[in-house]
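One structure is given here, and the rest of the page talks about it.
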Amino acid sequence: MPNESPLHPQVRVLVVEDEPEFMHRFSQAILDDRHLALTAAVSTGTAALAMLSADTPDVILLDLGLPDMRGTEVIKHVARHQPECDVLVVTMFGDDQHVFEALEAGATGYLLKDSGLERIAASIHDVRAGGSPISPSIARRVLARMRPPTAKSPEQPPPDPVLTSREIELLKLTAKGLSFEKIGELLEISPHTVVAHVKKIYRKLAVHSRGEAVYEATQMGLL
């Protein structure tokens, strides 16, 4: 590829979108960025799985409303078989069911289609840099689900939390879609230390992605 170099390899992106207009716009946003490479653009989940059986892109730009299967099935397939690939959801669905099903399945980011096209390429780069881009209204919805645990009676003190206060603080910043580097700046620790904390959180919650970690911690009343 003419724009690729050993120092700055292109990020390879697969677009899965059944609306022709959005498929064209997303594809063009990728083609316009010399650091991105469009591997293919397909309109069904079946076609996406066929592509994935032959090759693993770096990022999948995925719509949830596919004509032949739920987009979450594609996310689950990637999480099981190609975990090194990031799935960035770009969809019209902003309700709790779609949002949390996608995050629980393993989506790395969640954008609504009303996000500006200029944000698409930036979000792809953000994902590969360790971030988790989420549309502001979706981030607000995720944070709204984070409530402190219900107070226990004096006779039954609450058990020790699964996550430390530091890990919970870090997970809240992750839910906002911040990159590991930015989280490190805010917490005054190195990105390497942030990654170490994240890996420990994954082990404690038995999850494999940022979205799953936020979802599980929320369900457990830790956030």
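Annotations for the structure displayed:
- Selection over region 121-143 of residues that are among the aliphatic types (A, V, I, L, M) and touching a Lys or Arg at 6+ places or on another chain (Cβ under 8 Å) gives a count of 3.
- The set of residues in region 111-130 that are farther than 18 Å from residue 30 by Cβ and surrounded by 17 or more Cβ atoms within 10 Å (Cβ to Cβ) comprises 112, 130.
- Residue list for region 89-110, filter: hydrophobic (A, V, I, L, M, F, W, C) and farther than 17 Å from residue 24 by Cα: 93, 99, 100, 102, 103, 105, 107
- Residue 174 vs. criteria under 24 Å from residue 102 (Cα atoms) and out of contact with any Pro (no Cβ under 6 Å at 6 or more places or on another chain): yes
- Taking the criterion of being of a type in the set (A, V, I, L, M) and assigned to a helix (DSSP H, G or I), the residues of region 37-52 that qualify are 47, 48, 49, 50, 51, 52.
- Out of 25, 34, 12, sole residue that is of a type in the set (Lys, Arg), part of a loop (DSSP other than H, G, I, E, B) and either closer than 19 Å to residue 125 by Cα or at pLDDT 95 or above (or both): 34
- Checking residue 60 against (1) surrounded by fewer than 16 Cβ atoms within 10 Å (Cβ to Cβ); (2) in a strand (DSSP E or B), the condition it does not meet: (1)
- Count - residues of region 187-198 that are more than 17 Å from residue 128 (Cα to Cα) and surrounded by fewer than 14 Cβ atoms within 10 Å (Cβ to Cβ): 3
- Residue 79 meets the conditions (1) over 24 Å from residue 177 (Cβ atoms); (2) modelled with pLDDT under 95 in every case but one. The failed one is (1).
The values are calculated or read from the model by the stated rules, or taken from the named source; none is laboratory data. Model, not experiment: these values are computed from the prediction. We place every Cβ from the backbone using ideal geometry, glycine too, and count neighbours over all the protein chains shown.
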